[in-house]
Amino acid sequence: MQSRRVALVNPPAARIIYGDEYELKSIIPCLGLLYMQAYTKDIVDVRVFEGEEYADFDTMIESINHFSPDVIGITTNTSTYPLCVEVVERTFADTYIAGGPYAAFRAEDCLDAFDAVCIGDGEVPLRQFLLGMPLETVPGFAHRKHGAFVINPPAPLPDLDDLPFPEHPTLTSDAYQSSPHRSLPSPWATMVTSRGCGFRCTFCLSAKGGLNDGRYRERSVTNVLRELELLVGEHGVKSVQFWDDTFTMRRKRTSELTLAIKELDISYVCNTRSDKLDDSTAHQLAESGCKGVFIGVETGDERLLETDISKGVINAQVTAAVAACKKAAVPVTTSFIMGAINDTETTVRRTTEFALQLDADHVLFNIYTAHPGTVGYQQALAEGLIDHYEVDLDRYRGEPVGVPTICRALPRDKLHSLKAEAYLEFHRSKKHPDFQAIDIYLEELERIAASSSLR
Ligand code: B12
Ligand code: SF4
C-alpha cells in the first residue's frame, strides 16, 4: 500500500517580517518541523516545505500541490498566520493541522481554517494521528465537535533523548543566512540541546505559562554529543548555532557540555541570561569554541525591567555578565526591547544609553510584540491597549508586522525612529562601524520622516 503523504510547511516570511533589516537577520529552517519529520518518516511519506527555499510563495504552493499531500501541517508564528491560512486556501489536502507558537494560544480562532491545532510539542500527537487515531482523541490536539471548541488532554512530553535527530537543511541549501552576530564558518548547522526556559519574562513564550508551560527540558550531554559527532564526522560541519533559550541554564551541565564540545574543535554561538553567565561559565564557553553569546537585556530602565519585563535580574548583573564575556574574549550580543507598556521617550533613551555603556560587540533593538499566550498580551488586553487583535499584515506595518504595538506613550512611528536612532548611535560609537547597518537605519529614519506609513 502506498503510504500517506504529509507536507509540513513553514511559509516564507523573512522578507515580510524583516523588511529593510533583511540583510542583518538570521534565516534558518524551522527545527520543530524537522523534528516531526524525523519522528514520523518511518510511517508516512513526509516532506518539509521551507518557504525560504522557494523563489516565492506561489512556487512553494505549486510544489506542495505537486506533492499532493493527504495531510498538511503548518507551523505558525503571529506574523506568519495570514500566510498559513493562505496555504490552506490554496492547497487540497484532506486534513489541515496547525501548530507552533501562535496556534497554541489562538487555537479556537485557528479552527476556522484548520481541522485541528496542536498545543505544545508536536512529535507524539502527530505520530498518533498519522497512525490512525482520530483527531478528536489525539492528546495535545484542539478541535471542534458539533461546533463546540474542545481541547483534548495534553500530550505527554517526550524524553528529548528519544527523538531521532532532525535533518539539517542549512548544510545543503543556500537559502539560509546568519545575522552578523551569529555568522560562523560554513558548513554550519542549527541545534537545540534543551527546550523551554521557565523564567517569567512578559514577552516570551518560553516563559512560565507559555509553550509547554515553559518547562525546561534537557537532552543528555551524550545525546547532544552524538548528533554533533555525526554533523562533524559525516557532514564536515565546522560550526553550530545553538538556539536553546538558555544554553547555560545549569552550571554542572554547562561544564560537561562545554568539555565535550571542546573535543570536537568546532565554533558555535548560543543564547543565555545574564544571571547564568559568570566568569567561570564565560571561560568554559571560550575554551570550547564559543564565538558569540546572545544576552536578552531588554531595557536599561531598572524599574521597567522589573514591572513591564519581569526579567528577574538587575542591571548590575547584566553589566557583570557582559564584563565576564569580554574578559574571556567571547564576543557578546546584547538584545533590547523598546515599546513596553510603560516605556516613554526617556526610558527608551535610557535603554540606548545602557546599550552604549555596555558596549557589546553586537546589539539588537526590537519593538515589544504582545504575542498571544504571553503575560504582556494579557496585560495589554486588560489595560485596554489592544483588543483580541486579528493579525493584519496591511494594517500594522513594520516590526512587529501584523500586530499592534502596546506602548502607552509612544506611537509606532516614534518607536521605529527611536529604534533606528539607537542603532545609529551604537554603530557610530564603534571603532570599526558597520556601514551597511548605518545606511539601513539612516534610510529608515528618512522614510519615517517623509511619511506616516507606519501605523
Ligand atoms: C530558532 C528561533 C527562530 C529562528 C527560526 C524560526 C523558525 N521558523 O523556527 C529565526 C532566527 C529565523 C527566528 C525568527 C523569528 N522569531 Co523566533 N524563535 C526561535 C526560538 C528561539 C526557537 C525555535 C525552535 O527551534 N524551537 C525548538 C523546536 C523543536 O520547537 P518548535 O519550533 O516550537 O516546534 C515544536 C512545537 O511548537 C510544535 N509545532 C510547531 N509547529 C508545528 C506544526 C504542526 C503541524 C504541529 C503538529 C506541531 C508544531 O511541535 C514542534 C516539535 O515539538 C523560539 C523560542 C522557542 N524556544 O521556541 C523563537 C520564537 C519562535 N520566535 C519568535 C519570533 C517573534 C520571531 C520573529 C518574529 C522575531 C523578529 N521580530 O524578527 C522572527 C520571525 C521568523 C519567522 N519566519 O516567522 C517567537 C514567536 C512568537 C509568536 N507567537 O509568533 C518565539 C516563540 C520567541 C518568543 N518571543 O517567545 N526565530
Ligand atoms: S530568560 Fe529568555 S527564554 Fe527565558 S523566559 Fe526570559 S526571555 Fe524567555
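Please treat every number below as a calculation from the coordinates, not as lab data. Note that the structure is a prediction, hence the values are computed from the model and not measured. Neighbour counts run over all protein chains shown; Cβ positions are idealised from the backbone, glycine included.
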Summing -39500 (n - 2.57) over every DSSP H run of at least 4 in the chain, dividing by its residue total and rounding to the nearest 500, the 222 nm mean residue ellipticity is -10000 deg cm²/dmol
Taking only C-alpha pairs under 8 Å that are 6+ residues apart, what is the relative contact order of segment 51-206 in percent? 14
For segment 180-450 the mean separation of alpha carbon contacts under 8 Å (6+ apart) over residue count, i.e. relative contact order in percent, is 15
Distance in nm between pseudo-label sites at ARG4 and GLU108 (7 Å out along the Cβ direction from Cα): 2.8
Exposure proxy ranking, count of Cβ atoms within 10 Å, fewest first, for ASP45, ASP115: ASP45, ASP115
Sparse-neighbourhood loop hits (trypsin sites (Lys or Arg not before Pro), segment 37-98; DSSP loop; Cβ within 10 Å at most 15 others) -> LYS41, ARG90
If the only charges are +1 at each Lys and Arg Cβ and -1 at each Asp and Glu Cβ, what is the size of the charge dipole of the chain around the Cα centre, to the nearest 20 debye? 1060
For segment 162-210 and segment 326-373, write down the distance between their C-alpha centroids in whole Å. 21
Might you list the cysteines of the chain that have no disulfide-compatible partner by the rule of another cysteine's Cβ under 4.7 Å? CYS30, CYS84, CYS110, CYS118, CYS197, CYS270, CYS290, CYS325, CYS407
Mean separation of Cα pairs under 8 Å and 6+ residues apart, divided by the residue count of the chain: what relative contact order is that in percent? 12
When DSSP beta bridges are limited to those with both residues in the chain, what percentage is antiparallel, rounded to the nearest 5? 20
Given the pairs LYS238/LYS291; LYS238/LYS419; LYS262/LYS291; LYS326/LYS430, which are separated by over 23 angstrom at their Cα positions? LYS238/LYS419
Where labels lie 7 Å past Cα in the beta-carbon direction, separation of SER173 and LYS262 in nm: 3.7
Relative exposure of GLU425, GLU89, judged by other C-beta atoms within 10 Å (fewest first): GLU89, GLU425
Relative exposure of ILE448, ILE43, ILE72, judged by other C-beta atoms within 10 Å (fewest first): ILE43, ILE448, ILE72
Roughly speaking, what is the stretch gain from LEU385 to LEU131, that is 0.36 nm per residue apart minus the C-alpha to C-alpha distance, in nm to one decimal? 87.0 nm
Which translational diffusion coefficient, to the nearest whole µm²/s, is obtained for the chain from the Stokes-Einstein equation, given a Kirkwood hydrodynamic radius over C-alpha pairs, 20 °C and 1.002 mPa s? 94
